Structures are given as structure tokens and as C-alpha cells.
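The structure appears below as C-alpha cells.
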Amino acid sequence: MPSTQLELAMRWKGEIDADLAPFLVGYRPVPGVHDELVDATGRVRPHWAAMLGRLARFGRPEIDRRFAEADRRLAESGVVYRVYGDDTDRPWPLAHLPIVVDAPDWAVLAEGVLQRARLFEAILDDLMGEARLVGDGVLPAALVAGNPEFLRPLAGIRPKGGAHLHVYAADVSRAPDGRWWVLADRTQAPSGAGYAIENRIAVSRALPELFDALGVERQGPFFQAMRSGLAAASGREDPRVALLTPGPWNETHFEHAYLARVLGFQLVEGSDLAASPEGVAVRTVAGLGRVDVIVRRIDADWADPLELDPSSRLGVPGLVEAVRNGRVVMANSLGSGLVEAPALAGYLPGIAHRLTGETLILPNVATWWCGEAAARESVAANLDRLMLSPAFGRSLHGILDSTGILGTRLSGAERTRISTLLERRGVDFVGREPLRLSTAPVWEKGRLVPRPFAIRVFAARTPEGWTVMPGGLARISEREDVRSLSMQRGGRSADVWVLGPRSVSKPETRLVPEPEAVEIRRDAGILPARMADNLFWFGRYLERAEITLRLLRGLAGHGDDGVAETSRDIARRIGRLLVAWGAVAPEATGEEIAAEATRGTSPGSVATLIGAAHRTGAVVRDRLSPDCWRALVDLRDRLATRPGEDRRPRSVDGEIEAVLRALAAVVGLAHETMNRREGWRFFDLGRRIERGIGLARVARAFATVGAEPEMLDLLLDLADGRVTHRSRYITGPARRPVLDLVLLDEGHPRAVAFQVARIAEHLARLTGRSEGDLLEPAERLAHRLAASLETSDAGVFDAARIETIEMELMGISDRVTAHWFGRSLPLADDEAEE
């Protein structure tokens, strides 16, 4: 129907406000596709009219302002995602208008999702147990045994708590007749719930009047019930729940960290956990802490390199044995991805009748597994009207990616190749009927336009049974192709509003409370040893980059033709230091030294060190302020060299000064915005150790016996001591006063003694030693070094004794690593008592 006729029809029927009509100009529902906004006769559906009528009263400028505010809030909250193969954070793409579903329609969808959750639990219980479905011929054995998600070491193991599934999700859209259809089932490690929370917060705060007036169902009770379900499965009154993430470079790591923080779970990586037949524990700076439940966000076959995929670096050695012995709850169980396989879809109606006696409320898209001869022949004959997909969900390398391909898009040669593969390896393929996605209105450039969408609906096991989140994560596509729904392919997301009965006053239940209602807390939570290790090295890398830059600045003006021999000697000594530190190659000369040491690829170049700081910073990103993280990313990008680009800056001096200032901003922001708890102490401890080592090395290089004043002046510059030296001494620099300032002056922030004093303070707080307790090895070494510096005269420090300072600082670092970051840690006090 033309947009003008649609507008007139809606005006005449009095179904919308006059203010809304201009927004609908150009709104053309796609023929043959269900549209959420209007029905086949052009009527605006009542629940959409109720929402859009209120929205239209704001006017376009106010609507745009509110939607921009939602984007700003997401940006300030750091809501990001990544594309596969790219470590660049991208802003979360929000389609500002929520998808609106009325209560009766949602009730049908929710009941269908609950039915499927119960069904998949029953299927997993059978296939991982007695396998009667295979034995009785309901399912082909090859469909189960040929699935890479069928993990044989887990066969026959009953999960702790008795349940395989704790969270389930279904991707749904509508058929042309308006019925909900399932596009995909998510049983492995359903993702997106954290993004759904952020979408809800952003949109509800942008449109609070609409949210309250329409009686939108809240999501808080769902997450509280999910948390209760996990606690009940553990069998403990005070369960400790960990969310196992692949790490900071995963494309949805933000969601993992956010969900863990909101639900009160401990965010961990595989290296944070220690598994044994007796159970699983998390390595913390206080020792091993018990873990009762693991909410995993890694695929099951990566979970244990001992019994599953030996190449995995994401899992926990021995985890399967702990599961086998019933020592930990896995949510979802290892092997739960077995029922995600598209090949299973065609058998689900029969399995449902067999196991539950029920008819599926939500049908799957019609699917034919090519492992059976009749289905294979039918798919081959009708390939032009079907979509061909991998049977078990995983990409077939060099053949077909996980999203599949429409038969109509195959070239003649590709069709011949696929036909051959179908005949040889039909078990690897399914044919699926393409489903044209239903459309929903999206706000674009001041008006509404229809866009294809799907909703991920979440269900969670609770002590009272399964429950469904009222709402979900909607994904919006620019094209009809189902594959374009993915954020990886340019899709957008939207909130989903389920309208409840407005006559009933619902209690205010929020997962994320209003700012004035939060419970006051000052603790920073448990600090995993891996997190502390990365904070420690984050500080060291930044400090090492700074001393390298200071050396390069000192190199300017020295070593050129025509300068004095002392100046050339200084350049040679700086060059030897840079080579020893791995900043440049031994053969580098002249301008090459500054260019290579700044932007080169050597292990000790500034660019490499800042890259290392960025990687360790990514691990601890939730402890860095957004400003600090952005400054670090900007610094990394500034030092990056594009292919074919000359590494040598136009102005070496200017480049070094600019990078030094940018680095100072990163360090300053980290120092001034990080909470002064254990994490900050490890960060600053790393900085102090690295600074002390660097100062000792440059003092040994430039304060040799009989050193020229120019060398001592450079040492003062490297230690930021010129102003203090001038205020104390009328004469020029001499070796003994300079060494006193650089090594022994505990009041000078860049003196070695100052660093050692701060190291001792941090160690005293981190060890938690009581009066009368023995000193830990690192603390004992720090006290001994501090006493030596305090009782020594600067004149006694020759090169050998300065080198001793350097070695003792390295010894402190080694002992810190052994005590807090090592693999073998004692139980924390509360664990030892149990």
C-alpha cells in the first residue's frame, strides 16, 4: 500500500495521533512479510499505536535528543563489541526504538521457549546417558556420534545438581502469517543477556515516560531467579560463582565482564582456575578460593586440554575430572552444545511426541539432514529454493561458513562441487527453507522505516522451574538475509518491551538499582592472581617505555659529527644501553637508533612496550577509567607503523616529547583514577621496581668514577633532578652529590631510595603481616635494601655496588611473582578452615 494511502487510512480510522502521521510517510511494509507495526489491512497494531502516539508528542528534535542521550550513555558506560580478527573496540550499535510485544502474544512465545528448554534438557539427559533415542531408531547414530559437540569423556556423567541446562536461548522471528518460528537454539553458552540489560537501561532512561505508562515488564526478577537457580544447583548456602571467559580479546568480552559485575559473579579465565579431583578453585592474591559454579562462555571442547582439545589454552586442565566427581556445577554442562545442531531440527517434532507427548508450540524452520538418502536427494534436487548450511553449526573450512549460503547464489562450478560433496559427505550438510524475516519499525533520519529483525529470548532454570526473561535482545538487519543480523556483519540491536497489564501495579524490581538506592560498598572484590600479575606488568611496561624515551631524548645532540669526544662517548653509552634493553639492534646507527627505538619492532622498543601495556591493560580494563583506556589506545595507535610507512618521524625531538607527554597522561590517569586497593598497589609496585632498576642502570652507565660533568648532567635529567640539584648546590654537577640525589634521597620522587621505600610500604600492606610475624621473602629483601641505602654514603657506590641494587630489585620482582602470581598457592584462610 502506498505510504500516502496508508497514512490516510490510519488517520481516517482514528487509530493514531495526528502528530504521528508525518513519521509514517514512506513507511512501506515489505510485501509477503509480517510487519510488527501494521497489519495486512494497513491498521496500526494497538500496542504500537499506544507507544508511538506518546513518542510522537515529543516532536522530532526532542526524540533525536533523547536517542542521542541513549548513545552517549552507552559510550560513557564503555559498551563495546569487536569484530572477529580485529581488536578494535566498536561502539555498541543501538536501534533506539524498542520492539513492542503485547502480553497475549508474548505469553505464547514464552510458553514455547519454556517447552523447548524442557525438551532439550530431556534430550541431553538421554543422549549423554542411556541414548534410548538412538537405540530405538528415533535419531540416527551418525547424527549424534558425528557431532563434534558429542564429547565422549562426558558420556554417562550425570551433572552435579542433575541438570544439563541452566540457561537456554532461542532466536525467533515471525513467519508471514505472524506465527513465531525458531531460527536457532542456543544451548552451548547463550550470549547477549548482558547487552540486553544495557539496552534496557539506555532506552528506558531515554524514554522513562513511555516505559512507565505502558507498564513494560521488568527484567530484574529474571536475573535474580537465574542467580537463585545457580545457587540451588550448587547445594551450598553461600555458593561462589565464576563466569569463565575466553579473555579480553573475545568479541563479546565486555558483556562477560558486565554480566559478572551485575550478577556478582567472579570473572575468570582458564588460567585463573585450578582443578583437581577434589574440586575447582580460583587463584587469588590471598590463595586458592573455592568455586562452586562455573558459568562458562567458552565452547565445551576448549574447557579441558587434558581430556578434550589438547591445543586449548582457554580451559582448565583437570576440569572434566572435577565434573566427573560432581565437584562443580557447569552452566551449561560440557556437551550441552550437542542439541544446537541444525541437523537435529527436523527430528524435534517426533522427539517431542516421544519424550513429552506434546506438539511443539514454536516450530523450527523446515530442515532436512543430508545424512539420510531421501533427504539428500530432495535437497540436491531443490537446491535453488533452499539454503545449504553445515549440519552441526560449525564452518566447514574451505567449503561453507557457519551461516550457510542460498542455493540461488551458487555459481555453476560451485553447484557442481556442492553436489559432489553432498553425495560423498551428506552427513555434514542440511538443507533449510529460507525464512523471510519479519520487519519492525526503526527510527532513521526522523521517520520510521521497516527493517528485518529477530529476537533472542532467554530462559533460566530456577528453584521453581524454568522462567523466561520478559523481553530479550533484538537484532536488526539492513537486509533480508538472516546472516546480516549479526553485529559482526553490520547489524544493530534493540530493546524488547513486553507490555504487561497496566491495571496492576507492579513492584519496582530492578537488577541495576536506581543510583540513590544502591547499597554502599567500598571493597573491590576478590583480586585474581592473573589480574594482579597483569596490573604489575602494566606498571612495569609503562615505566620501561618512559625511561627508554628519556634516554632517546638524552641522545639528541650527542654523537653528531663535529661534537666533542665526551658527547660522542655519551651517545655510545646510550646506544649500548638501548641495545642491552632490546630497544635497537646492535648494528643500528645515527637516526636509525631513534626511529627503531621509538617505532621499531624490537622487544624493547617504545612501540613494543606500549603494545604490551595495551595487552595487559586490556586484561584489567574494568579497573581503568575510560579516559585512561582511551589515552592508552591513542598512544598505541600513535606509535603504530602502517605498511609502507617510514618509521622515521619528521622531527625526532618533537616526536619523543609528544610521546612522553602522552605516556605521562596514561600513567597519571591510571594513578589518579584507580581505587587505592590491592590492584593499585600491584600496579604501583611494578612501576617502582621498574623505575628503580632503570635508575640503577643509568647511574651505573653515566656516574662512573671520573665521569665528566656532561654525563652527570644527563643523569640528573634522566632522574628529573636538575631543579633540586640547582637549589642545593652552587657548583656544577659532581659525582657524589649527584649519586646522593639519584640513589639515596628518599625525598626525591625519582630516587632509588624513594622507590624502595614505596615498595616496602606496598609489600607490608599486601602481605597483611601482623606484628611479630616473620617477613615474607620479598619484604625481607626490600627492608635489607632500604637499610643499605639509608646507611650508605654516595661515595661508596661504584659500578659493582650499583649493579647490586639492580640485582636486588630484580630479586624482589622474582619473589613477588613467586608469592602472588605463581602456579602453586596456599589456600586462603577461609578455605583452609573448611
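Dipole of the chain computed with +1 at Lys/Arg Cβ and -1 at Asp/Glu Cβ about the Cα centre; of Phe223, Leu55, Val498, farthest Cα towards the positive end is Leu55. Amide H to amide H, with H built 1.01 Å from N, Ala95 comes under 5 Å of Ser493, Ala494, counting only residues 5 or more places away or on other chains. Based on alpha-carbon centroids, what's the gap between segment 207-230 and segment 112-132 in Å, whole number please? Value for the Cα centre distance between the two parts: 28 Å. Estimated purely from DSSP H runs of n ≥ 4, each contributing -39500 (n - 2.57), the mean residue ellipticity at 222 nm for the chain is -13500 deg cm²/dmol once divided by its residues. Tyr27 contributes an accessible area of around 0 Å² to the protein surface, as traced by a 1.4 Å probe with all chains present.
Computed from the C-beta positions of Thr704 and Arg152 and an R0 of 60 Å, the FRET efficiency is 0.35 to the nearest 0.05. A full extension of the chain between Ala145 and Ser77 corresponds to an added length of 20.0 nm, given 0.36 nm per residue minus the alpha carbon distance. With everything on Cα atoms, drop me the angle between helix 652-673 and the longest principal axis of the chain, reported from 0 to 90° to the nearest 10. On a 0 to 90 degree scale, this one is about 70. Taking every DSSP bridge with both residues inside the chain, close to 75 percent are antiparallel. Here the relative contact order of segment 366-432, from alpha carbon pairs under 8 Å that lie six or more residues apart, stands at 49 percent. Compared with the dominant principal axis of the Cα atoms in the chain, helix 678-702 is inclined by about 40°. In nm, give the distance between the simple-model label positions of Glu478 and Thr804, each being 7 Å from the Cα along the Cα-to-Cβ direction. Distance between the two pseudo-spin positions: 6.8 nm.
Put simply, the amide H of Val280, placed in the peptide plane, has neighbours under 5 Å in Val291, leaving out anything fewer than 5 places away on its chain.
Applied to segment 177-193, the Karplus parametrisation 6.51 cos²θ - 1.76 cosθ + 1.60 on θ = phi - 60° returns per-residue 3J(HN,Hα) values of 7, x, 6, 6, 10, 8, 8, 7, 9, 10, 10, 6, 7, x, 10, x, 5 Hz, with x for Gly and Pro. Axis of helix 46-56 versus longest Cα principal axis of the chain: the two differ by about 40°, to the nearest ten degrees.
For Glu377 and Ala68, the difference between the fully extended length at 0.36 nm per residue and the C-alpha to C-alpha distance is 105.9 nm.
Solvent exposure of Arg118, expressed as accessible area, is near 100 Å², computed with a probe of 1.4 Å over the protein chains only. Extending 7 Å from Cα along the Cβ direction at Glu771 and again at Asp39 yields two label points whose distance is 8.2 nm.
Once C-alpha pairs closer than 8 Å and six or more residues apart are averaged by separation and normalised to the residue number of the chain, the relative contact order reads 13 percent.
Cα centroid distance between segment 672-746 and segment 314-393, in Å? Cα centres, segment 672-746 to segment 314-393: 65 Å. What whole number of Å gives the distance from the Cα centroid of segment 139-172 to the Cα centroid of segment 567-609? So the separation of the two Cα centres works out to 56 Å. Ordered by solvent-accessible area of protein heavy atoms (1.4 Å probe), largest first, the residues His96, His353 come out as His353, His96.
Entry note, segment 531-674: relative contact order of 28 percent, from Cα contacts under 8 Å with a spacing of 6+ residues. In this view, the solvent-accessible surface of Asp126, computed with a 1.4 Å probe and all protein chains in place, comes to about 20 Å². Taken about its Cα centre, the chain carries a charge dipole of roughly 1220 debye when the Cβ of each Lys and Arg holds +1 and the Cβ of each Asp and Glu holds -1. Probing with 1.4 Å while keeping every protein chain in the model, the per residue accessible area of the chain equals 42 Å².
Coupling constants for segment 333-343 follow from the phi torsions by the Karplus curve (6.51 cos²θ - 1.76 cosθ + 1.60, θ = phi - 60°), and in residue order they are 5, 5, x, 5, x, 4, 8, 7, 4, x, 4 Hz; glycine and proline get x. Just the protein heavy atoms count here, and of the accessible area of the chain at 1.4 Å, carbon and sulfur take up 51 percent. Taking label points 7 Å from Cα along the Cα-to-Cβ direction, Glu790 and Asp627 give a separation of 3.7 nm.
The values are calculated or read from the model by the stated rules, or taken from the named source; none is laboratory data. All of these numbers come straight from a predicted model, not from anything done at the bench. So basically every Cβ, Gly included, is an ideal-geometry build from the backbone, and we count neighbours across all protein chains shown. These area figures cover heavy atoms from the full protein model, side chains too; ligands, DNA and RNA do not enter into them. Shrake-Rupley method; radii C 1.70, N 1.55, O 1.52, S 1.80 Å.
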